[in-house]
Amino acid sequence: MAAPQAVRGTRDLIGEEQRRHQHVVDTARRIAAIYGFDEWVTPIIEPTAVFARSLGDTSDVVTKEMYSFEDRGGEWITLRPEGTAGVCRALVGNGLTQSLPQKVFYAGPMFRYERPQKGRYRQFHQIGLELIGPSEPLADAEVIACGWAVLQALGVSDATVLELNTLGDKPSRDAYRAALIGYFSEHREQLSPDSQARLDRNPLRILDSKDEGDRRLVGSAPTIGPYLTESAAIFYRDLQAHLHRLAVPFRENPRIVRGLDYYGHTAFEFVTNALGSQGTVMGGGRYDGLVEEMGGPSTPAVGWAAGIERLAMLLPQAPAAPVGIAVIPVGESTESAGLEVLQALRGAGLRAEMSYRGNLKRRLERANRIGARAAVILGETEIAAGIANVKDLTSGTQTEVPLSGLVAHFS
Ligand code: HAM
């Protein structure tokens with residue numbers, strides 16, 4: 001049988017890649033906690049209904065990209081393409097709609113059947129935040145500020161720009177939709193077949209089209225500004241004022257509509273030029289209707305998610321590999337003394353390893369190969385004298401250390 005390959009668009013995270021990935025998650029988790037968010041872990045599989053309507057039945061994610069299957073009990077299941085709908089499902093299912101606000105952080109794998117390329121995978125990973133309950137624009141600003149703080153802590157904020165837009169409230173969007181239908185209808189035959197279908201069902205989606213011809217038309221399409229109701233315009237203005245106060249730099253981009261349909265008011269993306277065509281590292285916005293779609297009461301909410309792979313690629317340097325101590329018994333009779341030293345070091349929280357065979361030379365070679373910082377060499381005469389030879393593998397210097405003082409020596 002030919003060796004099985006990883007599924008197209010999936011990746012193994014090993015060595016430096018795993019450390020980069022872990023560093024992104026650890027950093028985001030730490031910053032999110034500082035901002036008052038608690039971690040939730042929701043299932044990777046959800047009933048298909050959790051996503052099918054809520055993400056938008058004209059969105060690419062729902063129409064082309066979901067991994068859905070009927071399980072053995074005849075239930076339709078989907079591998080989650082994103083985290084927000086599952087969090088809202090969990091909020092309602094766990095009776096938490098009466099305990100607001102809920103401030104949720106999450107991290108984990110997501111699945112979309114997309115065409116794989118650099119920075120775009122079929123199994124990818126997100127970190128995300130959801131702030132459920134507040135309707136004030138200050139909530140949007142704080143959620144964005146926390147995202148910015150994560151990017152700063154990762155050292156990637158210089159490479160990214162926050163692009164901000166508003167999608168207004170429902171009356172604003174209805175008026176804007178009518179304007180878009182008017183504009184695109186005049187150019188209907190120039191639209192791609194996908195966008196012709198979108199024109200009837202959800203013309204805002206056309207603004208998000210990747211098709212070259214569509215993009216040319218989008219360039220001259222109306223923007224939402226003139227169609228905003230007074231209260232939607234005030235909301236957007238207040239959000240910008242709060243971002244200024246929180247010292248989060250941004251630029252407005254009226255073309256941002258986001259790829260999912262649940263947004264209203266705030267829509268934003270942190271983008272970079274450093275990753276080629278997959279330049280959006282973090283995206284989010286306000287989604288005041290989603291909790292209600294999951295069967296809960298009308299509940300405002302705002303959040304974002306970021307692609308861990310994209311952030312990991314942007315990291316200015318890879319986190320260092322962990323370094324440990326190699327314990328080297330010389331000759332079989334010293335092995336049990338070696339084990340004692342090994343467990344004593346580990347008991348003190350020090351990373352320590354002992355290989356199972358080989359003479360001193362081979363074991364030192366291996367110690368260097370695994371990047372150990374020091375070798376504890378245990379010969380019969382040294383053990384009898386209650387000492388060990390400690391070799392610093394960076395400098396090469398060797399010193400005698402009493403066995404009873406080894407833990408203190410390395411701590
Ligand atoms: P999204 O824009 O679909 O939003 O995805 C967020 C981020 O996930 C993207 O900006 C990108 O960095 C990463 N991403 C998406 N698809 C892929 C892929 N195929 N491969 C690699 N990375 C990818 C959401 O998912 C919303 N749930 C965000 C949100 C949270 N809105 C409100 N709360």
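Every number in this text was worked out from the coordinates using simple rules, so none of it is lab data. Please read all numbers here as calculations on a predicted model, not as lab measurements. Note that each Cβ is placed from the backbone with ideal geometry, even for glycine, and that neighbours are counted across all protein chains shown.
By the beta-carbon count within 10 Å of each Cβ, the least crowded to most crowded order of 330, 50, fewest first, is 330, 50. The charge dipole of region 247-346, taken about its Cα centre with unit charges on the Cβ of Lys, Arg, Asp and Glu (plus for the first two, minus for the last two), comes to roughly 440 debye. Kirkwood radius and radius of gyration were both taken over the C-alpha atoms of region 197-331, and their ratio Rg/Rh is 1.15.
Ordering of 105-114, 121-130 by packing is 121-130, 105-114, highest average first (other Cβ atoms within 10 Å, averaged per residue).
Straight-line cross-link partners of residue 118 among the aspartates and glutamates, defined as a Cα under 16 Å from its Cα and at least 8 positions apart when in the same chain: 12, 17, 309. Considering only 78, 96, 59, and ranking their Cα positions along the charge dipole of region 52-118 that arises from unit charges at the beta-carbon of Lys, Arg, Asp and Glu, the one farthest toward the positive end is 96. For residue 391, give me every one of the lysines with a C-alpha distance below 18 angstrom, ignoring sequence neighbours fewer than eight places off in its own chain. Cross-link targets: 361. Taking the convex hull of the alpha carbon positions in the chain and averaging its projected area over all directions gives 27.3 nm². In the chain, the longest principal axis of the Cα atoms and the axis of helix 335-347 are about 40 degrees apart. Rounded to the nearest 20, the Cβ-based charge dipole of region 74-136 about its Cα centre (Lys and Arg +1, Asp and Glu -1) stands at 380 debye. The alpha-carbon of residue 170 sits under 29 angstrom from the alpha-carbons of these lysines, leaving out residues fewer than 8 places away in its chain: 64, 103, 210. Once you charge only the Cβ atoms, +1 for Lys and Arg and -1 for Asp and Glu, what is the size of the charge dipole of the chain about its Cα centre, to the nearest 20 debye? It comes to approximately 880 debye. In terms of other Cβ atoms within 10 Å, 57, 261 run from fewest to most in the order 57, 261.
Distance between Cα centroids, region 326-386 to region 128-172: provide it in whole Å. About 51 Å separates the Cα centre of region 326-386 from the one of region 128-172. Between the listed residues 181, 161, 218, the Cα displaced farthest toward the positive end of the dipole of region 158-227, a dipole computed from Cβ unit charges relative to the Cα centre, is found at 181. Taking other Cβ atoms within 10 Å as a rough exposure proxy, 148, 76, 40, 304 sort from fewest to most as 76, 40, 148, 304.
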